[in-house]
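The values are calculated or read from the model by the stated rules, or taken from the named source; none is laboratory data. These numbers come from a predicted model, not from an experiment. No Cβ is skipped: glycine too gets one built from the backbone with ideal geometry, and neighbour counts run over all protein chains shown. These accessible areas exclude ligands, DNA and RNA; they are computed on the full protein's heavy atoms, side chains included. Shrake-Rupley method; radii C 1.70, N 1.55, O 1.52, S 1.80 Å.
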Amino acid sequence: MESEYRSLGFFSVSPNHKLVAYGVDTTGDEIYTVFVKDLESGVILEKIDNIGDELEWANDSMTIFFTLLDEIHRPYKIRKHVLGTSPISDVILFEELDEKFRVSIGKTNSDKYLIVDISSSLTSEIWYLDAEKPFENFKVFNPREYRHQYSVEHQGNRFVVLSDNGGQYLNFRLCWCPLDATSKDNWKEIIPYNPLVSITRFESFESHLVIVERVNGLANIRVLGSNSNGDIDGNGDDYNLSFPEEIYVVSPRSDYQAYNSTVLRYTYTSPLTPRQIWDYDLSTRSGTLLKETPIPIAANFDKSKYAMARIFADIPENTKVEAPFNTPVSGKIPISIVYNKDGFKRDGENKLYLTGYGSYGITYEPSFDSKIFSALDRGYVYAIAHIRGGGENGRSWYETGKFLHKQNTFTDFIAAGDELVKLKFTKHEKMCIQGASAGGLLIGAVLNLRPNLCNVALAGVPFVDVINTMMDASIPLTVGEYEEWGNPNEEKYFDYMLSYSPYDNVKKGAKFPHLFIKAGLFDPRVAYWEPAKWVAKLRQNVAENGKVLVLKTKMGSGHFGASGRYAYLKEYADEYAFFLHFNN
């Protein structure tokens, strides 16, 4: 092996199934070298250096489209290459100059159209091209409008569009339009908008639409069938799939859906069920379990020894804010809990591991994680706080935990920790808290607000030097992040970000818990110097109270840690050894 780190970032098989293009990252910096391989002979036909993480084939199996990165690590160009020709003749199809926007390339589920998505956190613009005609020009679907997000799929004689209409439909509305009239004025509603239900994505089949919704913090799969006229308009044979557990994660496999099939392939998992792959026949309404991931822990694993539950903490009253367009906001913070039933008592004496994220509208899913059972079998309760800033309760949950409401993310996490103590799952002296990346920001901010919330804290690749990073537009991702945190060149955002930036709010003499911090030398998302500076400031200011502070910088990897089948487990072993020892 030529490098310590090696990751297969993506691969794509040609439409004629004779070639495969795949991208390899050898440092962790998320810059890829693409290889095109003949599957029959095994010969590498092409090698292309320094591209982004997306590639798509035209239907001629000779033309590929891929993204290029700029100096701040932003996918900003789409390049077209014909196999067997010199790269000098490659064509740049798109170049996005606005640094808040990123470009991506994909294909509709029908394989009929190539799709270029040019998006920021708030705004999107789609361009499309018949995949049979790679040498024609892309057409704009609907010109970009500030704060209007939409996505597109093809179905028969129409396009299906998921749109927030500039935020008016904050949780997204499902529409359709003719193939030859794609501007917003031509979009017609398929199902009525429900502000209490967030549509996160959809899959298009020849005879069905499959919608993924979030309802009460959990994912739901809704199937729209044809009506008596053969149209899919929300008035046909529609139904929801049901799932057997109280807490679960379900997600269609976008890369494995056959457009002209009636079979939906999806993954299912829960804190106690390893990832399963199911085929579900949309016509007969019957499912077939294809595979369950083998459990890489003791062969005598018995899920009946464990229990899981969902509890809710109240949002602190003084942090309640309205979402755009008066979209309803839940008043409860969901908390997913798992524990070993043997010896468990609600007496406040259990050790507890509380984790969270709460940024970018990303949902922290309660999926199966074999690593946690080592702690569960030692008497730990494992808990996930689904806090504002994430997407668990829809887009309003996200909007009320970003920009000038970012501190709601941190106070929600504290409220979740306090609720677990109140309900006697644990006590603060027996609690460990954990977060990574933006979740590392969460941990840093929480420790400044409530250093006695826990006994041990773990912060992985933490985004803690908020002001200095966001003031430096030359750092990867910074400008694009203005629509998440705010632009610190504007006084109101500067002052607000300064009020919670972990590095800037370390108090002299504060009594911090035991703290384990991780960084990656090649991390393009959170530079290694952020956690290094934070540790130096902590060592200078935090009171000597017998607590241990450790910084571990991985010298051969990036944001996501070590590669390899087992190397990442060694990194987690360091964390587990730390909190199991010091939270004893």
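Things to note:
- Top-ranked residue in the range 246-292 [being farther than 27 Å from Phe11 by Cα and under 23 Å from the mean Cα position of the chain (by Cα); ranked as most open to solvent (accessible area, probe 1.4 Å)]: Glu246
- So Tyr398, is it within 27 Å of Arg275 (Cα to Cα), in contact with a Phe, Trp or Tyr (Cβ under 7 Å, 6 or more places away or on another chain) and of a type in the set (Phe, Trp, Tyr): no
- The one condition from (1) of a type in the set (A, V, I, L, M, F, W, C); (2) open to solvent by 50 Å² or more (accessible area, probe 1.4 Å); (3) within 21 Å of Phe325 (Cα to Cα); (4) touching a strand residue (DSSP E or B) at 6+ places or on another chain (Cβ under 6 Å) that Trp176 does not meet is (3).
- Here the range 74-120 is the region considered, the condition is being surrounded by fewer than 19 Cβ atoms within 10 Å (Cβ to Cβ) and among the hydroxyl-bearing types (Ser, Thr, Tyr), and the residue that is farthest from Val20 (Cα to Cα) is Ser89.
- Candidate set: the range 470-484, residues that are over 17 Å from the mean Cα position of the chain (by Cα) and open to solvent by less than 10 Å² (accessible area, probe 1.4 Å); chosen: the one modelled with the lowest pLDDT: Thr478
- Yes/no for Ile48 being buried (at least 19 other Cβ atoms within 10 Å of the Cβ), part of a strand (DSSP E or B) and at pLDDT below 95: yes
- Selection over the range 280-302 of residues that are of a type in the set (Phe, Trp, Tyr) and either touching a Gly at 6+ places or on another chain (Cβ under 9 Å) or at pLDDT 95 or above (or both) gives a count of 1.
- Selected residue [in contact with a Phe, Trp or Tyr (Cβ under 6 Å, 6 or more places away or on another chain) and open to solvent by 10 Å² or more (accessible area, probe 1.4 Å)] from Phe463, Phe516, Phe522, Phe494: Phe516
- For the range 217-245, a tally of residues being out of contact with any Pro (no Cβ under 8 Å at 6 or more places or on another chain), open to solvent by 20 Å² or more (accessible area, probe 1.4 Å) and in a loop (DSSP other than H, G, I, E, B) returns 15.
- Per the conditions (1) touching a residue at least 12 places away in the same chain (Cβ under 8 Å); (2) closer than 17 Å to Ala459 by Cα; (3) aromatic (Phe, Trp, Tyr); (4) surrounded by fewer than 18 Cβ atoms within 10 Å (Cβ to Cβ), the sole criterion not satisfied by Tyr568 is (1).
- Per-region count, the range 525-553, residues open to solvent by 60 Å² or more (accessible area, probe 1.4 Å), at pLDDT below 95 and within 32 Å of the chain's Cα centre (by Cα): 4
- Among the residues of the range 498-528, the ones that are touching a residue at least 40 places away in the same chain (Cβ under 8 Å), in a helix (DSSP H, G or I) and under 19 Å from Asp472 (Cβ atoms) come to 3 in all.
- Tabulated pairs, the range 129-154, first under 25 Å from Leu209 (Cα atoms) and outside any strand (DSSP E or B), second open to solvent by 70 Å² or more (accessible area, probe 1.4 Å) and not polar (S, T, N, Q), C-beta under 9 angstrom, 6+ apart or interchain: Ala131/Asp111; Ala131/Lys112; Glu132/Lys112
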